Amino acid sequence: MSVRRNVFAAVGVALVGVGVGSVLAQREYKSGIVWPEPKLVTPGDKPGDPPSDAIVLFDGKSLDKLQNGDKWLIADGVATVRGSDIVTKDKFGDCQLHLEFATPAEVKGTGQGRGNSGVFLMNRYEVQILDSFDNKTYFDGQCGSLYKQTPPMVNACRKPGEWQTYDITFTAPKFGDDGQVTKPGYATVFHNGVCVQNHFELQGNTNYDKPAAYEKHAAKEPIRLQNHGNPIQFRNIWIREIVPLVGTKPEPKKENGEKKGE
Ligand code: MG
């Protein structure tokens, strides 16, 4: 080996040594917060399948978990809107909701009259379902909107008759004793895997005939699916209650009877 190559090798070894030394000198940061261990959840076999802790609201056979579910037509694993809204018998607060829907393959009507249904979170905050494939309406009323509060960020509709997905995460609003909202609700919506609402701050009930406004309600309320007179099809509906983990931060160690930092 030449002198020159020896010099390069020596410099290289020195640099590696410095690198290892600086890594060893780093001290790992830990928050000190004591967290409960996250529970195990087994995901579904394929995307869209219910995970192990989901409550299945419609498995293709029965709508028993919803009031008036017997009014809708169930055939071939699909439920079709008929006669009335349907409302879950269980109530939910913060949640993750998955559902699949198809607007009618035979296109009829225009605007809000074409393929209209909706998912009412807490029975009052509507994520609009509409055939918005080549069907103009007011933007904050098209598919993926929080009805009359905000349009979807993009239009991710599939063609009429094709199956579509909604994956919604929802944070319930909180109210004070005086009835005023103290923390607003939030909704995130993925439509066919496309984010169309990103932690949108709800302005209150999504009303048809008046501005949005909050009205105090319970911490948990049902989910409602809308009958708007159009034969929308649904399948594979499930929901998970979601609860943030709460950690605790131990008191700082006392020194000479004083709390650190005092
Ligand atoms: Mg609707």
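Of L202, L245, which residue is in contact with a strand residue (DSSP E or B) (Cβ under 6 Å, 6 or more places away or on another chain) and either touching a residue at least 60 places away in the same chain (Cβ under 8 Å) or among the small types (G, A, S) (or both)?
Values: L245 fails: in contact with a strand residue (DSSP E or B) (Cβ under 6 Å, 6 or more places away or on another chain).
Exactly one of L202, L245 is in contact with a strand residue (DSSP E or B) (Cβ under 6 Å, 6 or more places away or on another chain) and either touching a residue at least 60 places away in the same chain (Cβ under 8 Å) or among the small types (G, A, S) (or both), namely L202.
Go through the residues of the range 134-151 one by one and say whether even a single one is touching a residue at least 12 places away in the same chain (Cβ under 8 Å), more than 15 Å from the ligand (Cβ to nearest atom), of a type in the set (F, W, Y) and surrounded by fewer than 20 Cβ atoms within 10 Å (Cβ to Cβ).
No.
Could you grab me the full set of residues in the range 91-133 that are open to solvent by 40 Å² or more (accessible area, probe 1.4 Å), within 21 Å of the chain's Cα centre (by Cα) and within 15 Å of the ligand (Cβ to nearest atom)?
Listed by number, the residues that qualify are N123, R124.
In the range 63-74, what residues are of a type outside the set (K, R) and surrounded by 14 or more Cβ atoms within 10 Å (Cβ to Cβ)?
In the first step, residues of the range 63-74 are kept if they are of a type outside the set (K, R); the result is 63-64, 66-70, 72-74.
Matches in the range 63-74: L63, L66, Q67, N68, G69, W72, I74.
For every residue, the table says whether it meets (1) part of a loop (DSSP other than H, G, I, E, B); (2) within 16 Å of the ligand (Cβ to nearest atom); (3) of a type outside the set (S, T, N, Q).
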position: T188; (1), (2), (3): no, no, no
position: Q197; (1), (2), (3): no, yes, no
position: E215; (1), (2), (3): yes, no, yes
position: F234; (1), (2), (3): no, yes, yes
position: R240; (1), (2), (3): no, no, yes
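The values are calculated or read from the model by the stated rules, or taken from the named source; none is laboratory data. All of these numbers come straight from a predicted model, not from anything done at the bench. Because the Cβ atoms are built from the backbone with ideal geometry, glycine has one as well, and the counts that use them run over all protein chains shown. Surface accessibility is based on the protein's heavy atoms, side chains included, excluding ligands, DNA and RNA. Shrake-Rupley method; radii C 1.70, N 1.55, O 1.52, S 1.80 Å.
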